[in-house]
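The values are calculated or read from the model by the stated rules, or taken from the named source; none is laboratory data. All values reported here derive from a predicted model rather than from experimental measurement. Counting neighbours? That spans all protein chains shown, and the Cβs are built from the backbone with ideal geometry, glycine included. SASA here: full protein model, heavy atoms, side chains in, ligands and nucleic acids out. Shrake-Rupley method; radii C 1.70, N 1.55, O 1.52, S 1.80 Å.
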Amino acid sequence: MSLPVQEPETLDASAPAAPEPGGLVERVHAQLYDMVLKHEIPLGTPISERQLSLQLGVSRTPLREALRRLEGEGFIRRNRGVLEVRRITLEEFLDLLKIRKVLEAEAAALAAGSIDPATVDDLRQRLTQLAEEEHPDNHERVSLDLELHRTICAACGNETMAKLIEELRRKSMLFATPPAPQDFRASVAQHLALLEALSAGDAARARQAMADHLDKTLANVLSRLLKR
């Protein structure tokens, strides 16, 4: 659910954060990070400290420190003194997707047969349920997409590759707020085909399924842009 827009607020970058209980800033940073990836904080919308503070149940001090970290990581930026989630260009998005295709296809091949069957079954059931809904929850669709790709990275056995993929995916999510695909069931079918290959331990099929999925993701994005 998107946050209501409140009055623009800015951070005082010169004011150091006061000490907070251990781990609080890390927790808030992780929560904000996921909110950005899931577009719960819309791109290009002024960020309200007051609203976020109430929603996350924390004081302004750890919130501001977490926002500073996100700004340093390139997720948010200052636009005329106001903080907002950064939006990347189409050219950046296309470049990122090309690199993702190479790395994520290989990660899928490496993860084939290595994912816990219970995890595969859970993702399969939730994806199947999503496909059966007449009006699917787009937030759930995005969450499942993130969870599936992260599961593959965690099982690929290459920590460096996993970190690179996570960085590329999080940057590509800054292109545009993703609406449901024109045929969301086709997107779910791609994920289910990928899961089947992973579950069967078929590295070649998993590699191809991931490559096909990312090709179709690109085609879907470009199709929407051409219709504007």
In degrees rounded to 10, the 0-90 angle between helix 60-72 Cα long axis and the longest Cα principal axis of the chain is 60 degrees
Rounded to the nearest 10, the angle in degrees between the Cα long axis of helix 24-37 and the longest principal axis of the Cα atoms of the chain comes to 60 degrees
Over the range 29-181, with neighbouring protein chains present, the accessible area per residue in Å² at probe 1.4 Å is 46 Å²
With Cα coordinates, the longest principal axis of the chain makes an angle with the long axis of helix 117-132, in degrees rounded to 10, of 80 degrees
In deg cm²/dmol, rounded to the nearest 500, the helical mean residue ellipticity at 222 nm of the chain, built from -39500 (n - 2.57) for every DSSP H run of length 4 or more, is -21500 deg cm²/dmol
Rounded to whole angstrom, the alpha-carbon centroid of the range 91-115 lies from that of the range 137-157 at a distance of 13 Å
Given 131-139, 201-209, the highest-first ranking by average Cβ count within 10 Å works out to 201-209, 131-139
With Rg from the Cα atoms and Rh as the Kirkwood inverse mean 1/r over Cα pairs, the chain has an Rg/Rh of 0.99
